[in-house]
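Everything on this sheet refers to the single structure shown next.
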Amino acid sequence: MFKQDQLDKIAAKKESWSAKLAAAVKKRPEREAQFMTDSGIEVNTVYTPLDIADMDYERDLGLPGEYPYTRGVQPNMYRGRLWTMRQYAGFGTAEETNQRFRYLLEQGQTGLSCAFDLPTQIGYDSDHPMARGEIGKVGVAIDSLQDMETLFDQIPLGKVSTSMTINAPAGILLAMYIVVAEKQGFKRAELNGTIQNDIIKEYVGRGTYILPPEPSMRLITNIFEFCSKEVPNWNTISISGYHIREAGCTAAQEIAFTLADGIAYVDAAIKAGLDVDQFGPRLSFFFNAHLNFLEEIAKFRAARRVWAKIMKERFGAKDPRSWTLRFHTQTAGCSLTAQQPMVNIMRTAFEALAAVLGGTQSLHTNSYDEALALPSDESVLIALRTQQVIGYEIGVCDVVDPLGGSYYIESLTNQLEAKAWEYIEKIDALGGAVKAIDYMQKEIHNAAYQYQLAIDNKKKTVIGVNKFQLKEEEKPKNLLKVDLSVGERQIAKLKKLKEERDNAKVEALLKQVREAAQSDANMMPVFIDAVKEYVTLGEICGVLRDVFGEYKQQIVF
Amino acid sequence: MSEKRIRVLVAKPGLDGHDRGAKVIAQALRDAGMEVIYTGLRQTPEQIVSAALQEDVDVVGLSILSGAHGTLFPEVVKLLREQGAEDVLVVGGGIIPDEDIPELKAAGIAEVFGPGTPLEDVVKYIKENAKSS
């Protein structure tokens, strides 16, 4: 980008300036002996063209909407349309969540994002003993199509885009969604949305798995194949670094582990006989936006460039849409504090701004009370308003990639990319992400422990926790509470359903599920047939557990 | 040194899969010289109590972020008492609203450590209150 004689001049200038710097530092010692990003990249005093001397503008940056997409996946980004403001919601029963969805749509939210309770995520009906105490707690309880019908009552599924945070039983929930939409009169081709459907990150960092990796990967490729034909606008997976970051990894590890998981899915789908360009454009990603503002912006830019190279060079994808890394972002839940929770509004705003400057397609901002409980109506509204202020008031969306060309941002983007490749190569050497689950867990645990020690010994400042604490703190009021009666109501509803449906049909359909699981058929049509007749999620997952067995966690710490 | 090392079972009751906190605490207790056993995810109160008895631990540390603490924490204490292991110190942590703490303490949870608690505080509390200390 720079001519050698220019660089030589700058180098000479910097040489003479360094004496000035040394004098200044002597007079006023620096706050830290060494400044570091969260990924352990050393931060210099200042950045100049010397730090990006090897960069080639066309090769490494290009223009937005062009390979390698460092500057964004669309040519005009937010000048055309802002990102989708998608607040994650779900609690209690389908009725209560339906109310929250309609409230958020009325407040200007542009897409739905549904949280399911843990029994649903792990494939247990509400009446299962393992569901004790968990029903409706961290998301909505969905046992059958009946609950799904209530969840989306009066919400036209052909007109909104819905993201469902569901992994192990993703195919079954997607089947329910399709059936509800069809009952509302919409065609499958009209449906827009995303299922998370990322099982590797469940083994690595999040914990809501059911089956062992091999059958899980098969269910995922079944969904890729089915949707490429039947539900063409559906994002069939959201490969999620978010949870890995929440589990404690660094920004560089977040890029690497997420994209290594992506490689594993692409490999599995190709092995199952699919063409990379058949499903490549429907892969989407999910990242965390953490507190280290500039490193986070660089992280998103680096991730886009790495994925473009992986798809084009490693997998030979030809469709440019397969090269683009499109992603949803959520601000870092683990960065929020229970102490002085209102300060979380600022933390979230800066994280959200990093996501926007990094070029996200969709964003969830956390609510300030989430270190204490599920968000209340008031706190979720402020979180949504945070996005709207960034989008409409502060002007950062009027230009694409406004920090592109910053010596520091470009240097950091390059360094994060280099670190990410190192990890990806290490994972490749271990045989890919599925084989490297233990390795990634260990890396994450070490990073999490170091992070906590840094807070404990005050190397890292957390306002309200290890600095600027208040002596007397008033706790926020109006926290959302999900009481135990939700579980009782849900169990009663399920009992009634099981009495009233055609149980002979249910038995026959479960037999079909079993036979399909034992063959190499695509499971999606069987799931759709089953859920239509109100076969429950727990019943279907019970059969899958029976056929495939369950995954057992390796204890690594 | 003949001083007996404190044995701790760190457990994740319920279905919640977020075990960053549990593992960090486990590591910190181990670094502080205790013997630590981590159960892994998705343990029922019955499984936790059975592991606690089998491992003859002095302390059970429970971690939940899903909101199921009100049901599952007291169940662990109750089962320990039924098995005659009432001297085992039971502590908890996670996303637990302040207003739930009195009820948990009444049910026999000795202490609840909320988000932002320094590791040192947890280590110190356990050293001072574990049965073998």
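The values are calculated or read from the model by the stated rules, or taken from the named source; none is laboratory data. Note that the structure is predicted; figures quoted are calculated from it, not measured. Heads up, the Cβs are rebuilt from the backbone with ideal geometry, glycines too, and the neighbour counts pull from every protein chain shown. Just the protein is used for accessible areas: all its heavy atoms, side chains included, with ligands, DNA and RNA removed. Shrake-Rupley method; radii C 1.70, N 1.55, O 1.52, S 1.80 Å.
Being within 14 Å of chain B (Cβ to nearest Cβ) and surrounded by fewer than 19 Cβ atoms within 10 Å (Cβ to Cβ) holds for only one residue in A:K435, A:K442, and it is A:K442. Go through region B:29-40 and report how many residues are buried (at least 21 other Cβ atoms within 10 Å of the Cβ) and within 28 Å of A:I210 (Cα to Cα). Within region B:29-40, residues that are buried (at least 21 other Cβ atoms within 10 Å of the Cβ) and within 28 Å of A:I210 (Cα to Cα) number 3.
Quick grid of which residues meet (1) in contact (Cβ under 8 Å) with a residue 40 or more places away in the chain; (2) closer than 24 Å to A:Q6 by Cα; (3) among the aliphatic types (A, V, I, L, M):
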| position | (1), (2), (3) |
| --- | --- |
| A:K20 | no, yes, no |
| A:P29 | no, no, no |
| A:Q34 | no, no, no |
| A:S39 | yes, no, no |
| A:L61 | yes, yes, yes |
| A:E66 | no, no, no |
| A:G72 | yes, no, no |
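Whenever a residue of region A:158-184 is more than 17 Å from A:I223 (Cα to Cα), its partners that are open to solvent by 10 Å² or more (accessible area, probe 1.4 Å) and not charged (D, E, K, R), lying with C-beta atoms within less than 7 angstrom and at least six residues away or across chains, give the pairs A:G158/A:F186; A:S161/A:T84; A:S161/A:N192; A:A181/A:G158; A:Q184/A:P156.
What's the number of the condition B:A26 fails, among (1) open to solvent by less than 10 Å² (accessible area, probe 1.4 Å); (2) assigned to a helix (DSSP H, G or I); (3) facing chain A (nearest Cβ under 8 Å); (4) under 26 Å from A:I135 (Cβ atoms)? If we test B:A26 against (1) open to solvent by less than 10 Å² (accessible area, probe 1.4 Å); (2) assigned to a helix (DSSP H, G or I); (3) facing chain A (nearest Cβ under 8 Å); (4) under 26 Å from A:I135 (Cβ atoms), just (4) comes out false.
Scanning region B:50-65 for residues that are in a helix (DSSP H, G or I) and within 11 Å of the chain's Cα centre (by Cα) gives a single hit, B:A52.
Find all pairs meeting these conditions: Cβ atoms under 7 angstrom apart; at least six residues apart or on different chains; first residue within region A:452-475 and within 8 Å of chain B (Cβ to nearest Cβ) and under 20 Å from A:T37 (Cβ atoms); second residue open to solvent by 60 Å² or more (accessible area, probe 1.4 Å) and in a loop (DSSP other than H, G, I, E, B). Close Cβ pairs satisfying both conditions: A:N466/A:K458.
Determine which member of the set A:Q361, A:Q387 is open to solvent by 10 Å² or more (accessible area, probe 1.4 Å) and polar (S, T, N, Q).
Working: A:Q387 fails: open to solvent by 10 Å² or more (accessible area, probe 1.4 Å).
On inspection, the qualifying residue turns out to be A:Q361.
Residues that are free of Cβ contacts under 8 Å to residues at least 60 places away in the same chain, assigned to a loop (DSSP other than H, G, I, E, B) and in contact with a Pro (Cβ under 8 Å, 6 or more places away or on another chain): does region A:322-335 have at least one? No, because not a single residue in region A:322-335 is free of Cβ contacts under 8 Å to residues at least 60 places away in the same chain, assigned to a loop (DSSP other than H, G, I, E, B) and in contact with a Pro (Cβ under 8 Å, 6 or more places away or on another chain). The condition (being more than 23 Å from the chain's Cα centre (by Cα), closer than 21 Å to A:D38 by Cα and not β-branched (V, I, T)) is satisfied by just one residue among A:L416, A:L403: A:L403.
Where residues in region A:321-336 are more than 14 Å from chain B (Cβ to nearest Cβ) and hydroxyl-bearing (S, T, Y), which of them is farthest from the chain's Cα centre (by Cα)? Checked region A:321-336; the qualifying residue farthest from the chain's Cα centre (by Cα) is A:S322.
Residues of region B:116-133 that are in contact with a Leu (Cβ under 8 Å, 6 or more places away or on another chain) and either of a type outside the set (G, A, S) or within 14 Å of chain A (Cβ to nearest Cβ) (or both): B:L119, B:V122, B:V123, B:I126, B:N129, B:K131.
Comparison of A:N503, A:N457 shows that the only residue that is among the polar types (S, T, N, Q) and either under 23 Å from A:T208 (Cβ atoms) or surrounded by 13 or more Cβ atoms within 10 Å (Cβ to Cβ) (or both) is A:N503. Of the residues in region A:465-481, not one is surrounded by 17 or more Cβ atoms within 10 Å (Cβ to Cβ) and among the acidic types (D, E). Name every residue in region B:49-65 that is within 14 Å of chain A (Cβ to nearest Cβ) and either buried (at least 23 other Cβ atoms within 10 Å of the Cβ) or over 21 Å from A:K552 (Cβ atoms) (or both), in order of residue number. Within region B:49-65, B:G61, B:L62, B:S63, B:I64, B:L65 qualify. Within region B:108-133, restricting attention to residues that are open to solvent by less than 30 Å² (accessible area, probe 1.4 Å), among the hydrophobic types (A, V, I, L, M, F, W, C) and not in a helix (DSSP H, G or I), the residue that is farthest from A:V462 (Cα to Cα) is B:A130.
Every residue, every condition in (1) touching a helix residue (DSSP H, G or I) at 6+ places or on another chain (Cβ under 9 Å); (2) at positive phi, yes or no:
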residue: A:E393; (1), (2): no, no
residue: A:N414; (1), (2): yes, no
residue: A:E417; (1), (2): yes, no
residue: A:G431; (1), (2): no, yes
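Output the residues belonging to region A:263-282 that are part of a helix (DSSP H, G or I) and open to solvent by 20 Å² or more (accessible area, probe 1.4 Å). Walk me through how you get there before you give the answer.
Of the residues in region A:263-282, the ones part of a helix (DSSP H, G or I) are A:263-271, A:276-282.
Once the filter is applied, which keeps residues that are part of a helix (DSSP H, G or I) and open to solvent by 20 Å² or more (accessible area, probe 1.4 Å), region A:263-282 yields A:D267, A:A268, A:I270, A:K271, A:D277, A:Q278, A:R282.
For the structure I just gave you, tell me whether A:K426 is away from every other protein chain (no Cβ under 13 Å) and not in a helix (DSSP H, G or I). Answer is no for this residue. Filtered by the rule that a residue be more than 14 Å from every other protein chain (Cβ to nearest Cβ) and buried (at least 19 other Cβ atoms within 10 Å of the Cβ), region B:75-97 gives B:V77, B:L80, B:V88, B:L89, B:V90, B:V91. Going residue by residue through region A:111-134, is there one that turns out to be within 14 Å of another protein chain (Cβ to nearest Cβ), more than 22 Å from A:K552 (Cα to Cα), modelled with pLDDT under 95 and over 19 Å from the mean Cα position of the chain (by Cα)? There is at least one residue in region A:111-134 that is within 14 Å of another protein chain (Cβ to nearest Cβ), more than 22 Å from A:K552 (Cα to Cα), modelled with pLDDT under 95 and over 19 Å from the mean Cα position of the chain (by Cα).
Mind checking which residues of region A:204-231 are assigned to a helix (DSSP H, G or I) and within 14 Å of another protein chain (Cβ to nearest Cβ)? Give the steps one after another, and end with the answer.
Step one: filter region A:204-231 for residues assigned to a helix (DSSP H, G or I), giving A:204-206, A:213-230.
Result: A:V204, A:G205, A:R206.
The set of residues from region A:88-131 being free of Cβ contacts under 8 Å to residues at least 12 places away in the same chain and under 17 Å from A:K498 (Cβ atoms) comprises just one member, A:P129.
Where helices (runs of 4 or more DSSP H) fall entirely within region A:51-170, those with at least 2 residues that are open to solvent by less than 10 Å² (accessible area, probe 1.4 Å) and out of contact with any Leu (no Cβ under 8 Å at 6 or more places or on another chain) are at A:145-151.
If only one of B:L72, B:L15 is part of a loop (DSSP other than H, G, I, E, B), within 13 Å of another protein chain (Cβ to nearest Cβ), crowded, with 20+ Cβ neighbours inside 10 Å and not small (G, A, S), which one is it?
Details: B:L72 fails: part of a loop (DSSP other than H, G, I, E, B).
Result of the check over B:L72, B:L15: B:L15.
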